[in-house]
Structure formats: structure tokens, C-alpha cells
Amino acid sequence: KTAQEYRNIRNNSAGTYYLVCDIDLLKEHFTPMDNFNGTIDGLGHTLYGLSYEFVGSSGSYTNFGMFRQFSGNMRNLTIYAPYVYSEKSKDGQDNDSTGIIAGKMNGGTISNVSIIGAYVYGSHHRGVVDGGTYKLVYTAG
């Protein structure tokens, strides 16, 4: 029901989660969750204002988005006005992959998910859904 409850997904990346209401993330500092291989069912609800910005520090950092890597299932969700920005690190290293849902998809299924009004910037691979896809199944619904 709250942004904090949504962030708690990181505590069990193989779990099954249902959004029982819309969640406003607009004023929240969001940090990408690591690898996700569970299920998120939005039940027709909306995540508003997901925002993440990485402005270089030293070293190589990879995969930026809601999840760094995704191999789970996501369905029945709208992500409204997300903003994901990732630039080169201070030592000039490219950040590997940047996307709204994941930096990198490695399998998984996304169905009946809408992304509206997205802004994505990445210094290397980037895309609205993800920055790099391997074996993703996407179905429009």
C-alpha cells in the first residue's frame, strides 16, 4: 500500500506480490533492487513516478532500472512517468544497461504492462522496458 512496502520486495526476490492499490513513488528516493525472479501482479494498479538517477562515481556499475536483473513475471501493471538516468562513472566506465523495469532481462514474462511517459537515459545499452534482453517473453494484453 505504501512506497516502503513496495521497496520491501527486495527482501524476497523470489516471492509473489500483489499491488492492492496505486503506489506513488514520486517523492521517494529509489534504489534499484538486485535480481528478481518472483512474480509481481499489479491487479490493474499503477506505480507513479518511479525515479532513479545514477551520476557517476568511480568504478564500473552495471544494470539500472527497477531491478538490476529480471527473470521473473510481471503482469497487469501500469508504470506512469518513470525516470531512469544513468551516466558514465567518473573514471569514464560505461554503465552496461539501463531500462525502466530492468537493466537486463534474463528470461521471464511481462504481460499486460503499460509504461506511459517514460524517460530513460543510459551511457551504453538502454531501452524503455530494459537495456538488454535475453529470452524475454512479452505479451500485450
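The values are calculated or read from the model by the stated rules, or taken from the named source; none is laboratory data. On a predicted model such as this, the values are computed, not experimentally measured, just so you know. Methodologically, a virtual Cβ is constructed for each residue, glycine included, from the backbone with ideal geometry; neighbour enumeration extends over all protein chains shown. Areas reflect the complete protein model, heavy atoms only, side chains present, ligands, DNA and RNA absent. Shrake-Rupley method; radii C 1.70, N 1.55, O 1.52, S 1.80 Å.
Quick notes
- Computed with a 1.4 Å probe over protein heavy atoms only, the accessible area of VAL120 comes to about 40 Å².
- Whole-angstrom gap from the range 97-116 to the range 1-52, using each part's C-alpha centre: 13
- Sorting the segments 97-105, 9-17, 25-33, 41-49 by their mean number of nearby beta carbons within 10 angstrom, highest to lowest, gives 97-105, 41-49, 25-33, 9-17.
- Net length gained if the chain between LYS27 and GLU5 were fully extended (0.36 nm per residue, minus Cα distance): 6.4 nm
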